[in-house]
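Colleague: I'd like to ask you about the structure that follows.
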Amino acid sequence: MASGASPKNLVWPVEQRAMQGGWDPDQPHLAGSPQPGPYHTIHIPYDPLTTPKIAFDADGTRYPVASELQGRLAESWESSDGDRTWTVRLRAGVRSPDGNELTAEDVVWMVQRVFALRGVGLWRLRRLAGINAAEDVEAVDARTVRFRLRGPNPQFPQYLLFASGNVVDSTEARRHASDEDPWATAWLARNACGFGQFSVEGQSDEAIEFSARDDHWMGRPGVDSIVQVGVEGREEGLRMLDAGEANMALGLYPEELARYAARPEFITRKVRANHSTLELNWLEEPFDDQRVRQAVCYALPYERILDQVYGGHARRSRSPICSTSEFHAAEYDSYGYDLERARALMKESGHPDGFETELWIKPSYESLRLAEVTQRALLPLGISVEVRLDTQLPFGTKVPMWFKEECGHALYEPMYDLAHDYDPPMGMWGGKNNFDRAWTTRIRAVRAAESSEQPGLYRDLQRDLLDFAPCAHIAEIDTGWVFRADVDPWALDPAFLGATTTVWSAHRQIMGWW
């Protein structure tokens with residue numbers, strides 16, 4: 001392992017099981033392949049084509065603006081044919097650690113590979129971005145890629161930032177392919193092969209070590225090395241930070257951020273990331289009754305939740321499209337705390353005297369706090385809530401209520417917001433989520449509409465989903481970063497993707513749940 005934490009050497013505690021994560025998010029379903037590592041790890045040796053602009057609230061809180069993209073491996077992009085065709089121009093002189101220059105063929109190979117492996121990247125590129133087939137992407141010349149979509153998608157360049165569909169050095173990867181493994185899945189699962197700012201120097205059960213690249217197209221990073229160290233729990237990671245054995249930690253909960261906020265030996269930063277919902281099983285009694293669902297939404301004391309559950313490090317969530325996404329419409333949310341209206345809805349419902357139910361939560365103090373507030377808030381409606389801990393529910397188990405503590409979007413964009421929650425790929429949320437053809441058909445229809453019509457369709461979906469009340473929208477959450485005060489300032493720069501990706505894609509469980 002590299003030398004200990006110092007201004008030029010970052011030591012970063014992360015969840016222990018991430019130490020053996022694979023480097024290929026497109027193949028987690030393949031037998032024998034390691035589960036892919038988290039995006040805040042994968043983006044260290046890999047560069048995407050684009051990234052969102054990072055903006056700052058009045059209080060300095062960071063948030064992503066996906067509609068204002070920054071080029072990474074791509075230097076420009078433009079649309080034609082009513083946003084059905086996109087032409088992307090790559091940067092010149094970009095090389096991998098193996099010395100191979102980035103070309104349009106690398107991007108084409110990436111798309112072909114995503115379609116062949118049929119992982120989560122396929123859901124993103126075909127279902128959401130609108131690429132119908134791998135043949136619809138072509139290399140126009142060595143630095144130009146043309147994407148032909150099945151319908152208009154004015155947000156298409158935002159779909160070029162994922163760790164799934166990583167731009168791989170295909171020249172090197174193909175050296176490790178075979179007739180039995182034409183996409184080098186075995187090798188790419190164990191080896192990072194991208195165009196990122198750092199190279200992987202070593203990986204063990206205890207740590208992953210990265211070293212800065214002198215020849216990266218952005219220039220040498222401001223730190224010499226990053227070491228992600230595996231920890232068994234959050235407190236172990238924070239003790240490392242206190243002792244100076246680590247000098248950065250990301251994905252902090254409110255109480256953890258407060259632990260460092262007033263100490264001069266630390267730098268803290270707030271980040272807007274993710275949103276939380278109280279999910280209701282609207283396919284089964286009693287929550288198949290819309291009036292019951294709406295009553296729950298009116299009974300929740302949102303301001304108290306923001307204060308007592310999040311310590312003020314959150315804001316109201318008012319729509320299935322996040323406030324950081326285009327076409328967010330907060331005006332359709334009528335669910336302020338209104339106990340009398342909630343009681344009236346319950347009396348009109350098929351359960352006027354209330355009922356007993358279960359609320360399933362993940363093992364975090366935040367979820368426990370939310371569960372306590374929810375129990376008390378629903379008692380006046382005659383709803384008695386038993387709290388159950390979800391540590392390993394069998395896949396596909398449907399539960400009456402569950403707290404989606406955070407919905408870690410890997411992109412803040414209107415289609416992704418809606419599809420991520422109401423039309424997700426198989427496996428998301430452990431199969432607890434519900435599907436309904438009426439909603440999936442309407443969401444998918446947006447991609448067939450002309451670009452000028454899409455904002456109105458998104459507004460209609462927000463209005464109707466809020467009225468349908470499949471869940472209670474709780475909060476848009478702040479998370480936190482903490483660094484030792486003497487780290488090189490580059491570590492806090494948006495150019496550092498290992499940290500910046502947590503603004504839009506990573507969960508707060510970087511060090512685990514507890």
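Colleague: Could you list, in sequence order, all residues of the range 366-382 that are in contact with a Phe, Trp or Tyr (Cβ under 8 Å, 6 or more places away or on another chain), part of a helix (DSSP H, G or I) and not hydroxyl-bearing (Ser, Thr, Tyr)?
Modeller: Across the range 366-382, the qualifying residues are 366, 370, 371.
Colleague: Quick check on the range 424-463: of everything there that is of a type in the set (S, T, N, Q) and open to solvent by less than 60 Å² (accessible area, probe 1.4 Å), which residue is farthest from residue 281 (Cα to Cα)?
Modeller: The first filter runs over the range 424-463 and keeps only residues of a type in the set (S, T, N, Q), leaving 433-434, 440-441, 451-452, 454, 462.
Subsequent filtering for residues that are open to solvent by less than 60 Å² (accessible area, probe 1.4 Å) retains 433-434, 440, 451, 454, 462.
On the way: 433: 8, 434: 7, 440: 17, 451: 34, 454: 29, 462: 19 Å.
Within the range 424-463, the match that is farthest from residue 281 (Cα to Cα) is 451.
Colleague: Please work out if residue 174 is out of contact with any helix residue (DSSP H, G or I) (no Cβ under 6 Å at 6 or more places or on another chain), closer than 17 Å to residue 23 by Cβ, open to solvent by 50 Å² or more (accessible area, probe 1.4 Å) and of a type outside the set (A, V, I, L, M, F, W, C).
Modeller: Yes; evaluated as a whole, the condition is true for this residue.
Colleague: Also, quick follow-up: Among the strands (runs of 3 or more DSSP E) contained in the range 1-115, which hold 2 or more residues that are within 28 Å of residue 487 (Cα to Cα)? Give the derivation first.
Modeller: On the way: elements: 9-15, 50-56, 62-71, 74-80, 85-90.
Those strands (runs of 3 or more DSSP E) span 9-15, 50-56, 62-71.
Colleague: For the range 91-117, name all the residues that are open to solvent by 50 Å² or more (accessible area, probe 1.4 Å), of a type outside the set (Gly, Ala, Ser) and without any contact (Cβ under 8 Å) to a residue 60 or more places away in the chain.
Modeller: Result: 101, 112.
Colleague: Right, another one. Given 412, 416, which one is within 27 Å of residue 158 (Cβ to Cβ), in contact with a Pro (Cβ under 8 Å, 6 or more places away or on another chain), crowded, with 20+ Cβ neighbours inside 10 Å and among the aromatic types (Phe, Trp, Tyr)? Give the derivation first.
Modeller: Numbers: 416 fails: in contact with a Pro (Cβ under 8 Å, 6 or more places away or on another chain).
Of the residues listed, the single one that is within 27 Å of residue 158 (Cβ to Cβ), in contact with a Pro (Cβ under 8 Å, 6 or more places away or on another chain), crowded, with 20+ Cβ neighbours inside 10 Å and among the aromatic types (Phe, Trp, Tyr) is 412.
For (1) open to solvent by less than 10 Å² (accessible area, probe 1.4 Å); (2) over 14 Å from residue 279 (Cα atoms), each residue gets a yes or a no:
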{"position": "368", "(1), (2)": "no, yes"}
{"position": "376", "(1), (2)": "no, yes"}
{"position": "380", "(1), (2)": "no, yes"}
{"position": "383", "(1), (2)": "yes, yes"}
{"position": "392", "(1), (2)": "no, yes"}
{"position": "397", "(1), (2)": "no, no"}
{"position": "402", "(1), (2)": "no, no"}
{"position": "407", "(1), (2)": "yes, no"}
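Colleague: Something else about it: Could you tell me whether any residue of the range 147-163 is open to solvent by 40 Å² or more (accessible area, probe 1.4 Å), more than 30 Å from residue 416 (Cβ to Cβ) and among the basic types (Lys, Arg)? Show your work before the answer.
Modeller: In the first step, residues of the range 147-163 are kept if they are open to solvent by 40 Å² or more (accessible area, probe 1.4 Å); the result is 148, 150, 154.
Cutting the leftovers down to more than 30 Å from residue 416 (Cβ to Cβ) gives us none.
No, the range 147-163 has no match at all.
Colleague: Residue 257 - would you say it is open to solvent by less than 50 Å² (accessible area, probe 1.4 Å), at pLDDT below 95 and more than 27 Å from residue 67 (Cβ to Cβ)?
Modeller: Taking the combined requirement at face value, the residue satisfies it.
Colleague: Look through 55, 5, 66, 18 and report the one residue that is among the aliphatic types (A, V, I, L, M), open to solvent by 30 Å² or more (accessible area, probe 1.4 Å) and closer than 30 Å to residue 478 by Cα.
Modeller: Values: 55 fails: open to solvent by 30 Å² or more (accessible area, probe 1.4 Å); 66 fails: open to solvent by 30 Å² or more (accessible area, probe 1.4 Å); 18 fails: open to solvent by 30 Å² or more (accessible area, probe 1.4 Å).
Matching residue, one of 55, 5, 66, 18: 5.
Colleague: Kindly indicate whether any position in the range 265-275 is in a loop (DSSP other than H, G, I, E, B) and either under 19 Å from residue 479 (Cα atoms) or open to solvent by 40 Å² or more (accessible area, probe 1.4 Å) (or both).
Modeller: Of the residues in the range 265-275, the ones in a loop (DSSP other than H, G, I, E, B) are 265.
So of that shortlist, the ones also either under 19 Å from residue 479 (Cα atoms) or open to solvent by 40 Å² or more (accessible area, probe 1.4 Å) (or both) come out as 265.
Yes; the residues of the range 265-275 include at least one that is in a loop (DSSP other than H, G, I, E, B) and either under 19 Å from residue 479 (Cα atoms) or open to solvent by 40 Å² or more (accessible area, probe 1.4 Å) (or both).
Colleague: Now, a different point. Tell me which residues, restricted to the range 177-193, are open to solvent by less than 50 Å² (accessible area, probe 1.4 Å) and of a type in the set (Asp, Glu).
Modeller: Residue satisfying the conditions is 181 alone.
Colleague: Between 77, 23, which is among the aromatic types (Phe, Trp, Tyr), modelled with pLDDT of 90 or more and more than 25 Å from residue 274 (Cβ to Cβ)?
Modeller: On the way: 23 fails: more than 25 Å from residue 274 (Cβ to Cβ).
After applying the criteria, what remains is 77.
Colleague: Right, another one. Could you please let me know if residue 200 is of a type in the set (Val, Ile, Thr) and in contact with a Pro (Cβ under 6 Å, 6 or more places away or on another chain)?
Modeller: Values: of a type in the set (Val, Ile, Thr): yes; in contact with a Pro (Cβ under 6 Å, 6 or more places away or on another chain): yes.
Yes.
Let's see how each residue does on (1) at pLDDT below 95; (2) in contact with a strand residue (DSSP E or B) (Cβ under 6 Å, 6 or more places away or on another chain):
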position	(1), (2)
348	no, no
356	no, yes
376	no, no
396	yes, no
412	yes, yes
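Colleague: While we're on this one: For the range 73-90, which positions are open to solvent by 10 Å² or more (accessible area, probe 1.4 Å) and touching a residue at least 24 places away in the same chain (Cβ under 8 Å)? Working first, answer last.
Modeller: Within the range 73-90, the first condition is being open to solvent by 10 Å² or more (accessible area, probe 1.4 Å), and the residues that meet it are 75-87, 89.
Result: 77, 79, 82, 83, 84, 85, 86, 87, 89.
Colleague: Name the single residue that is most open to solvent (accessible area, probe 1.4 Å) among those in the range 118-141 being modelled with pLDDT under 95 and in a loop (DSSP other than H, G, I, E, B).
Modeller: Selected residue: 118.
Colleague: Another question, then. Hey, residue 421 hits all of (1) modelled with pLDDT of 85 or more; (2) over 23 Å from residue 477 (Cβ atoms) but one; which does it fall short on?
Modeller: Failed condition: (2).
Colleague: Could you grab me the full set of residues in the range 464-514 that are of a type in the set (Phe, Trp, Tyr), in contact with a Pro (Cβ under 9 Å, 6 or more places away or on another chain), more than 18 Å from residue 322 (Cα to Cα) and open to solvent by less than 10 Å² (accessible area, probe 1.4 Å)? Before you say what the answer is, go through the steps one by one.
Modeller: To start, the set of residues in the range 464-514 that are of a type in the set (Phe, Trp, Tyr) comprises 468, 481, 483, 490, 496, 504, 513-514.
Then drop every residue that is not in contact with a Pro (Cβ under 9 Å, 6 or more places away or on another chain), which leaves 490, 496, 504, 513-514.
Imposing the further condition that a residue be more than 18 Å from residue 322 (Cα to Cα) reduces the set to 490, 496, 513-514.
If the condition is that a residue be of a type in the set (Phe, Trp, Tyr), in contact with a Pro (Cβ under 9 Å, 6 or more places away or on another chain), more than 18 Å from residue 322 (Cα to Cα) and open to solvent by less than 10 Å² (accessible area, probe 1.4 Å), then 496 is the only one that fits.
Colleague: Kindly indicate the residue of the range 311-340 that is surrounded by fewer than 22 Cβ atoms within 10 Å (Cβ to Cβ) and of a type in the set (Ser, Thr, Tyr) and also farthest from residue 377 (Cα to Cα) among those meeting that condition.
Modeller: Once the filter is applied, the top-ranked residue is 323.
Colleague: Determine the pairs where a residue that is under 14 Å from residue 102 (Cα atoms), located within the range 167-187, has a partner that is basic (Lys, Arg) and outside any loop (DSSP other than H, G, I, E, B) with Cβ atoms under 9 Å apart, the partner being 6 or more residues away or on another chain.
Modeller: Taking only residues 6 or more apart or on different chains, the pairs are 168/113; 169/95; 170/113; 173/113.
Colleague: Residue check: is residue 439 in contact (Cβ under 8 Å) with a residue 24 or more places away in the chain, in contact with a Lys or Arg (Cβ under 7 Å, 6 or more places away or on another chain) and not basic (Lys, Arg)?
Modeller: Values: in contact (Cβ under 8 Å) with a residue 24 or more places away in the chain: yes; in contact with a Lys or Arg (Cβ under 7 Å, 6 or more places away or on another chain): no; not basic (Lys, Arg): yes.
Here the answer is no, as residue 439 does not meet what is asked.
Colleague: Could you please tell me which pairs satisfy a Cβ distance under 7 Å, a separation of 6+ or placement on different chains, a first residue in the range 382-400 that is more than 15 Å from residue 361 (Cα to Cα), and a second residue that is open to solvent by 90 Å² or more (accessible area, probe 1.4 Å) and in a loop (DSSP other than H, G, I, E, B)?
Modeller: That search, which allows pairs on different chains as well, returns 382/353.
Colleague: If you don't mind, another one. Got at least one residue in the range 170-184 being of a type outside the set (Val, Ile, Thr) and within 26 Å of residue 80 (Cβ to Cβ)?
Modeller: From the range 170-184, those of a type outside the set (Val, Ile, Thr) are 170, 172-184; that's our starting set.
Going one step further and asking which of them are within 26 Å of residue 80 (Cβ to Cβ), we end up with none.
No, the conditions are met nowhere in the range 170-184.
Colleague: Ok, one more. Which residues, counting only those in the range 371-404, are under 19 Å from residue 432 (Cα atoms) and of a type in the set (A, V, I, L, M)? Before you say what the answer is, go through the steps one by one.
Modeller: From the range 371-404, those under 19 Å from residue 432 (Cα atoms) are 371, 385-404; that's our starting set.
371, 385, 387, 389, 393, 399, 401, listed by residue number.
The values are calculated or read from the model by the stated rules, or taken from the named source; none is laboratory data. All values reported here derive from a predicted model rather than from experimental measurement. Neighbour counts are summed over all protein chains in view; Cβ atoms, including those assigned to glycine, are modelled from backbone coordinates with ideal geometry. The area values use the complete protein model at the heavy-atom level, side chains included, leaving out ligands, DNA and RNA. Shrake-Rupley method; radii C 1.70, N 1.55, O 1.52, S 1.80 Å.
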